[in-house]
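Trainee: One structure, as structure tokens, below. Some questions next.
The values are calculated or read from the model by the stated rules, or taken from the named source; none is laboratory data. As the structure is a prediction and not an experimental result, all values here were calculated from the model. Glycine also receives a Cβ, built like all others from the backbone with ideal geometry; neighbour counts cover every protein chain displayed. With ligands, DNA and RNA removed, areas are computed over all heavy atoms of the protein, side chains included. Shrake-Rupley method; radii C 1.70, N 1.55, O 1.52, S 1.80 Å.
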Amino acid sequence: MTAGLPMTVPAAGLPARVRIHEVGPRDGLQNEKTAVPTDVKAEFVRRLVAAGLTTVEATSFVHPKWVPQLADAEELFPRVRDLPVRLPVLVPNERGLDRALALGAREVAVFASATESFARANLNRTVDEALAMFAPTVTRAVEAGLKVRGYLSMCFGDPWEGAVPVEQVVRVTKALADMGCDELSLGDTIGVATPGHVKALLAALNEAGVPTSRLAVHFHDTYGQALANAYAALEHGVTVFDASAGGLGGCPYAKSATGNLATEDLVWMFRGLGIETGVDLAALTDTSVWMADQLGRPSPSRTVRALSHKES
Ligand code: HMG
Ligand code: MG
């Protein structure tokens with residue numbers, strides 16, 4: 001066993017390589033109480049790329065009053081856009097797309113909800129009104145040659161509505177797929193999923209004609225289930241995993257959403273399974289320790305804590 005890395009013991013039937021969709025600069029920082037300086041955000045993105053992450057969600061072009069933490073998108077994006085990786089940005093509507101296109105974004109994401117309550121809280125719309133807002137946005141983005149991801153929030157449970165029926169998730173996922181989103185990210189916004197539920201949803205989506213190759217998973221670690229859920233998705237054949245460096249994150253419009261699955265915890269598991277991610281775990285951990293210093297509190301990631309622990 002090399003210091004700072006797990007033993008590699010592969011398990012049968014798993015993918016050889018996966019892609020991590022890093023959401024720390026967006027999903028992580030959107031939830032900070034105070035806005036992080038733009039210089040620090042740009043340095044965070046640069047460090048994540050230097051640590052080997054090939055997809056880094058940089059910021060959001062949403063209404064600045066709704067998410068003031070990311071109101072500096074116009075200042076930030078030009079500072080990072082030439083990095084040689086995928087840099088998706090969130091856009092809720094055509095106004096957001098215009099802002100992203102004006103700055104040369106090459107990849108965008110719209111974000112739907114499987115539930116009415118969260119659609120109202122997050123987008124000030126019903127589910128169908130939100131889909132109607134996304135349709136022209138996605139069409140124009142595709143016409144402009146952009147890659148478009150569709151997020152789906154509250155896929156497993158909702159803080160206002162409780163358990164979310166699988167059919168509800170399937171309907172909205174299919175609508176996003178039919179609209180032209182090439183990748184669909186299934187969000188467990190409040191972290192209530194468990195592995196059997198993950199497998200049941202993935203199977204239902206396949207059954208409805210959405211192939212696993214178009215699916216990504218986005219777990220939050222509220223109840224400590226995120227890594228178990230990621231493993232369940234891996235066994236199902238999913239190869240795109242959202243995670244947030246150091247476990248930063250949540251959602252300002254769902255108070256019960258705590259940290260995202262930490263990228264380091266995920267990379268540790270993949271490394272142990274012999275699955276290629278391209279990520280340098282030591283460099284990534286250093287980045288999260290540095291970011292925790294900027295934020296003035298320790299990272300919640302178990303792997304970051306273990307790897308940065310110094311015996312006294
Ligand atoms: P609204 O108040 O209904 O907006 O908000 P509107 O369409 O009525 O427009 C009102 C004014 O806002 C207009 O200006 C628009 O131009 C302006 P006026 O004509 O009055 O001068 N406006 C904008 N300005 C700048 N950029 C824009 C924009 N859009 C409208 N893009 C809206 C509707 C969708 C805009 C608002 O609800 C919003 O911005 N919501 C974003 C909330 C958000 O970012 N939440 C966090 C991300 S989702 C998440 O974290 C979940 C995820 O991680 C997955 C998971 O874990 O589940 C992805
Ligand atoms: Mg999220």
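Trainee: Do you know which residues across the stretch 11-46 are farther than 18 Å from Pro298 by Cα, open to solvent by 20 Å² or more (accessible area, probe 1.4 Å) and either more than 16 Å from the chain's Cα centre (by Cα) or of a type in the set (Asp, Glu) (or both)?
Mentor: Selection gives Ala11, Ala12, Gly13, Leu14, Pro15, Ala16, Arg17, Pro37, Thr38, Asp39, Glu43, Arg46.
Trainee: Can I ask one more? Considering only residues of the stretch 69-82 that are within 11 Å of ligand 1 (Cβ to nearest atom) and under 19 Å from Glu94 (Cα atoms), which is surrounded by the fewest Cβ atoms within 10 Å (Cβ to Cβ)?
Mentor: Going through the qualifying residues, I end up with Glu74.
Trainee: Only helices (runs of 4 or more DSSP H) wholly contained in the stretch 197-312 count here; list those with 1 or more residues that are out of contact with any strand residue (DSSP E or B) (no Cβ under 9 Å at 6 or more places or on another chain), buried (at least 24 other Cβ atoms within 10 Å of the Cβ) and not hydroxyl-bearing (Ser, Thr, Tyr).
Mentor: 281-295
Trainee: Among the residues of the stretch 68-80, count how many are within 15 Å of ligand 2 (Cβ to nearest atom) and under 24 Å from Glu183 (Cα atoms).
Mentor: Of the residues in the stretch 68-80, 1 are within 15 Å of ligand 2 (Cβ to nearest atom) and under 24 Å from Glu183 (Cα atoms).
Trainee: Could you list, in sequence order, the residues of the stretch 28-63 that are among the acidic types (Asp, Glu) and assigned to a helix (DSSP H, G or I)?
Mentor: Within the stretch 28-63, Asp39, Glu43 qualify.
Trainee: Which one is nearest to Thr34 (Cα to Cα), of the residues in the stretch 64-119 that are outside any strand (DSSP E or B) and of a type in the set (Asp, Glu)?
Mentor: So, considering only residues that are outside any strand (DSSP E or B) and of a type in the set (Asp, Glu), the one nearest to Thr34 (Cα to Cα) is Asp72.
Trainee: Could you please tell me which pairs satisfy a Cβ distance under 9 Å, a separation of 6+ or placement on different chains, a first residue in the stretch 219-245 that is without any contact (Cβ under 8 Å) to a residue 12 or more places away in the chain, and a second residue that is within 14 Å of ligand 1 (Cβ to nearest atom)?
Mentor: Qualifying pairs under 9 Å: Gly224/Gly191.
Trainee: Go through (1) open to solvent by 50 Å² or more (accessible area, probe 1.4 Å); (2) away from ligand 2 (no atom under 14 Å from the Cβ); (3) more than 20 Å from Gly272 (Cα to Cα) for Val192 and report which single condition fails.
Mentor: (2)
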